[in-house]
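Below is one structure, written out as structure tokens, with a few remarks after it.
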Amino acid sequence: MAHPQPTALIADDEAPMRDQLRARLHEAWPELRIVAEAANGVEAVALALEHKPDIAFLDIRMPGMGGIDAARQMYEHCHIVFATAYDQYAVEAFEQGAIDYLLKPVTLARLETTVARLRRRLEHTPQDIGAQLARLAQLGDQLLVQNGATAVAKPAYMRWIQAQSGNSLRMVSTREVLFFQSDDKYTRVQTATAQHLIRKTLKELEEELDPDEFWRIHRSTLVRVDAIAEVRRDLRGRQMLSLRGYPEELEVSRNHGALFQQM
């Protein structure tokens, strides 16, 4: 049986995602009390043992121990909800029925549906979902098989930028970003429709972003590769990038000109 005031744990390796889910839960379920937050599965299991939450919201992919392995150690004591950015997991979890899921970024409408299901489930002890978790783990292994060979899992690269705007916080998907450019004490985050300033340095961003998605073209500029429309040389012999959805060109420095060797 659920406590008079239900409790929950949130586990996600990205702090902005924990912040967003916490805020959405406050809207959709004001009486739910978040008793702990974790950045990986190992922390989640330890905190679940300590705080004994009624519900655990677990990101599926986290460094070290992921959400599925953590759930295997927790499902007998609390109800499990998976959060994932990958549709394959979401579809599989939905079909299993006994496991709730949230597709990131979490929308309030989808969360309200999950909350309604959880309210009903809290009237009963957690179900035995061991078989379903084994199936999800198997699915995870299958998703790592690419081109007929088992691939090494990609590091958990940054997927969201947290940008302050006055008294509010804006979540910007890295898929929206055209380029990052250092600007004095800040870094400029440029999308097709807006510009934001963040305090992360370009060096920090370069270490946290997927190198297959973002290239450094200048000591002050990181650009999204698939946003590049054209590379040309100007009258001074400089390589200049044109980006889709952005009117100004970006300069490629001599030190990074080898990225476009055919020119």
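A few notes on this one:
- Of all the numbered requirements in (1) in contact with a strand residue (DSSP E or B) (Cβ under 8 Å, 6 or more places away or on another chain); (2) open to solvent by less than 10 Å² (accessible area, probe 1.4 Å); (3) closer than 20 Å to ALA116 by Cα; (4) not aliphatic (A, V, I, L, M), TRP29 misses one, and that requirement is (1).
- Per the listing LEU235, LEU241, LEU222, LEU202, the residue uniquely over 19 Å from the mean Cα position of the chain (by Cα), open to solvent by 60 Å² or more (accessible area, probe 1.4 Å) and of a type outside the set (Asp, Glu) is LEU235.
- When TYR246 is tested against (1) in the same structural domain as ASN167 (by the TED database); (2) surrounded by fewer than 15 Cβ atoms within 10 Å (Cβ to Cβ), only condition (2) is not met.
- Screening the range 102-209 for helices (runs of 4 or more DSSP H) wholly inside it with 3 or more residues that are more than 30 Å from ALA56 (Cα to Cα), modelled with pLDDT of 75 or more and not polar (S, T, N, Q) returns the ranges 202-208.
- Some residue of the range 249-261 being touching a residue at least 60 places away in the same chain (Cβ under 8 Å) and open to solvent by less than 70 Å² (accessible area, probe 1.4 Å): yes
- Residues that are touching a Leu at 6+ places or on another chain (Cβ under 9 Å) and part of a strand (DSSP E or B) within the range 219-236 comprise THR221, LEU222, VAL223, ARG224, ILE228, ALA229, GLU230, VAL231, ARG232, listed in sequence order.
- Screening ARG216 on (1) among the basic types (Lys, Arg); (2) assigned to a strand (DSSP E or B); (3) within 22 Å of MET17 (Cβ to Cβ) shows it passes everything except condition (3).
- Residue check for ASP128: under 27 Å from PRO30 (Cβ atoms) and of a type in the set (Asp, Glu): no
- Any hit, the range 49-65, residues being among the small types (Gly, Ala, Ser) and open to solvent by 60 Å² or more (accessible area, probe 1.4 Å): yes
The values are calculated or read from the model by the stated rules, or taken from the named source; none is laboratory data. In this text the structure is predicted, and so the values were computed from the model without any measurement. So basically every Cβ, Gly included, is an ideal-geometry build from the backbone, and we count neighbours across all protein chains shown. The accessibility values were calculated without ligands, DNA or RNA, using every heavy atom of the protein model including side chains. Shrake-Rupley method; radii C 1.70, N 1.55, O 1.52, S 1.80 Å.
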